[in-house]
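No lab work stands behind these numbers, since they all come straight from the coordinates. A quick note: this is a predicted structure, and the numbers were derived from the prediction, not measured. When we count neighbours, we look across all protein chains shown, and the Cβ atoms used for this are built from the backbone with ideal geometry, even at glycine.
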Amino acid sequence: MAPDLRMPALGVAAWLGALLTLAPGTVLAAGVAGLVAVGCWAAVRRRPGVAVAVLVAGAVCCSGLVRHTQVDDSPVAVLARDGAAARLELTVLSDPHMLSGRFGDRVLVRGEVRHVEARGRAWTMAVPVLVLGDTSWGDVRLGSTVAAGGLLAPSDGGDAAAVLSARGPPRGLAGPDAWWRGAEAVRASLRASVAGRPADQRALVPALVDGDDAGLDPALADDFRTTGLTHLLAVSGTNLTLVVGFLLVVARWCRVRGRWLLLVGALGIVGFVLLARTEPSVLRAAVMGSVALVGLGRDARQRGGRALGAAVVGLLLVDPGLAAEAGFALSVLATAGILFLAPAWRDALARWLPRWVAEAVAVPAAAQLACTPLVAAISGQVSLVAVGANLLAAPAVGPATVLGLTGGLLGLVWGPLGTMAGTPAGWCVGWIVAVARHGAALPTAAVLWGSGVLSLALLTVLTLLVALLAPAVLRHRVAGAASCLLLVVVVLVRPPTPGWPPAGWVLVACDVGQGDALAVRAGPHAAVVIDAGPDPVLVDRCLDRLAITEVPLLVLTHFHADHVDGITGVLDGRRVGAIWTTRLLDPPYGVEEVGAAAAAVGLVPTPAPYAASAEVGDVHLQVVWPLPESPTTGPGDGSTANEASVVMVAEVHGVRMLLSGDVEPEGQAELARELPGLRVDVLKVPHHGSRYQDLDFLASLGARLAVVSVGADNDYGHPASSTIAGLASTGARVLRTDQDGDVAVVARDGDLLAVTSG
């Protein structure tokens, strides 16, 4: 039976109406005029379906305009536009989020203003704001009411009326209500139930149950993204389905039936929202999970499709801003894929596979395919292991979630009881971690895909073709098995990259995101590697593309995470001769990470010898910074680490390069005094092209090529336009990894060339 698409069509109409509210004024006016014209046409032609769609779109559009007006014209927003000082009383709507910045840590809290006083006047209202405070705000409790004073500023986006830069700590006015205290007790008990497990398990069990991913290793989070398992790290419809489904099973065991079972389900949904916090992403996940529950059983495509359409309309009527959120779109697409694609795929596979196997394969495959174009638009890559990774992880997700929740509840009664359930939950999570790490390490776990209009249009067409043709292919044993085998081969065997690495390359700046990782060619399949970037997978892939199997020397310019966190990606599977580091052993976590990784392969890091010349294969190296009398200990927060970066002059086949780490302007000025008349062919621009540079020194080097190792869309404003313009004004060609991908410097027939992979 063909699915009933009437409610999903209304959902699409609601989405279009919501997008209109976010458009510029001229587009909004044209869109409203178009809705009116279509509505008149539908009335004349007696097309009730079109008329209803227009009414829904108009209702959502009106809701969005009213919401924007209430927020943008509120007294708080008006005061923020003037940068006024104010005193606010607000209810805390989110847990505090710690933000690390150049000038210290800050805490971000979302709240709803109840009362505001400024300029001798007072107002009572209910509008959302963001509060940016000092570390004393880290102790505020969700659901509490506090008073705070500070300066108001306009909010850059979202539905917040303003941002309050708080002065001093908050003053408590009222504590959280009983349900918030209960939810916090369960969350604390859940964390306690896995306190004795390894770090990854301690972070992931709470993430699976209630989305609490505090303490998660960033490298592991990247592995989850690569393998398409990110949905397990945040609150999603899957979490709610598992938690509420478990409660319904228990209720059935207790002989609960009929309407009482519906009441258990409703209470379970409310309890889940309180446990995971009433943030927009949680409410969205609760609605999508409820759709999945409705779609279970017979007539799933009909009931689930109607529920999905109604859910989209309802959510957008309440919060039209969801239409522009990637998380909302991914939730809807994944649910739609499961409802509309998975049944046909399952039935096709069930012709030659056991039905439970067919369903296990079809559900994650359909969800992943439906999300593929949007994921590519966000990340610029397409995961080839997502289906397999989800398939392997799926058997452990349910037990881990249920056991984790059980541990949190039992721990309220007696701590050891909670640990008894939390320990096996940790075992289950250990399997998921292994799937993510091994999947991300596969040669072709993900392929880069452009995020331009043409690239995404092509990918969308390919996705639609796969969706249409898959049932016909999968119903035949030979064709279905051959398709699966082809995907396995593509994932396990790294395809050749024509023209890469380019012949005659002497230096490659790897595209590893916001960080540094350089390879200086020391011979066939050998390179001196300077820094390891923030992600072991990315640096490992770059070195694999260069066919580097031997690293006679690894130099870590300083111990910041964006230079050392990828160290295991360099060490694993390669012969590494020695590791040089800076003299300054700070920040401590970076020093410990490097020491542990080096010890695992039998190496001991040593400070780079100042002024010493070294011949490493084809590479001639000289360390020119830091000076031998420079400090070896720091304040412990890494704030002086950049200035202590190892700086080297390298020469390969007559090409001279300055490899500068993140050295600051003061160090650059000192280098200018220590090395008068230094000239190089290639400059690795310090500190990702930051605006803090001694441009006179950099210009004096006379470099023909300047390479900036920097991550796309980073939060630091790197590279600065002033730095790029200053280098370009010297005649240097400036290349950057965020736009050009891997950047190779090539010496060929006496010429110096640059070849990029982007």
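Nearest-5 percent of antiparallel DSSP beta bridges in the chain?
Numbers: 72 of 95 bridges.
Approximately 75 percent, going by the DSSP bridge assignments.
Would you compute, from DSSP H runs of 4+ residues alone, the mean residue ellipticity of the chain at 222 nm, taking -39500 (n - 2.57) per run and dividing by the full residue count, rounded to the nearest 500? Kindly include the intermediate steps, with their values, before the conclusion.
Values: 26 runs with 372 residues, N = 758.
Helix-only estimate at 222 nm: -16000 deg cm²/dmol.
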Rounded to whole Hz and in sequence order, give me ³J(HN,Hα) for the range 358-366 from the Karplus expression 6.51 cos²θ - 1.76 cosθ + 1.60, θ = phi - 60°, writing x for Gly and Pro. 4, 5, 4, 7, 5, 5, x, 5, 5
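Over the chain, consider all pairs of different Cα atoms and compute the Kirkwood hydrodynamic radius from their mean reciprocal separation; express it in Å, one decimal.
Working: mean 1/r = 0.0345 Å⁻¹.
Its Kirkwood hydrodynamic radius stands at 29.0 Å.
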Spelling it out for A754: with amide H atoms placed in the peptide plane at 1.01 Å from N, the residues 5 or more places away or on another chain with amide H under 5 Å from its amide H are V746
How big is the antiparallel share of DSSP beta bridges in the range 505-756, given as a percent to the nearest 5? 60
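For the range 319-472, what is Rg from Cα atoms divided by 2.2 N^0.38 Å, rounded to two decimals? Don't skip to the answer; put the middle values down first.
Values: Rg = 18.6 Å, N = 154, 2.2 N^0.38 = 14.9 Å.
Working it through for the range 319-472, the quotient is 1.24.
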Find how many whole Å separate the alpha carbon centroid of the range 687-758 from the alpha carbon centroid of the range 389-417. 49
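Treat the count of other C-beta atoms within 10 Å as a stand-in for reagent exposure and order I567, I338 from fewest to most. Let's see the in-between values first.
Numbers: I567 28, I338 24.
The most exposed by this proxy come first: I338, I567.
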Rounded to 10°, Cα long-axis angle of helix 386-413 versus longest principal axis of the chain: 70
Using the Cα centre of the chain as the reference point, and only Cβ charges (+1 on K/R, -1 on D/E), how large is the resulting charge dipole? Debye, rounded to the nearest 20. 3780
Quick note on V66, V243, V623, ordering by fewest other C-beta atoms within 10 Å, gives V66, V623, V243
I'd like to know how the range 505-756 sits against the 2.2 N^0.38 Å rule of thumb: what's its Cα Rg over that expected value? 0.91
Hand me the trypsin sites (Lys or Arg not before Pro) from the range 33-84 located in a DSSP loop with no more than 11 other Cβ atoms within 10 Å, in residue order please. R46
Helix 280-294: inclination vs the chain longest Cα principal axis, degrees, rounded to 10, gives 50
Exposure proxy order (Cβ contacts within 10 Å, fewest to most) of S483, S383, S613: S613, S483, S383
Helix 25-45: inclination vs the chain longest Cα principal axis, degrees, rounded to 10, gives 30
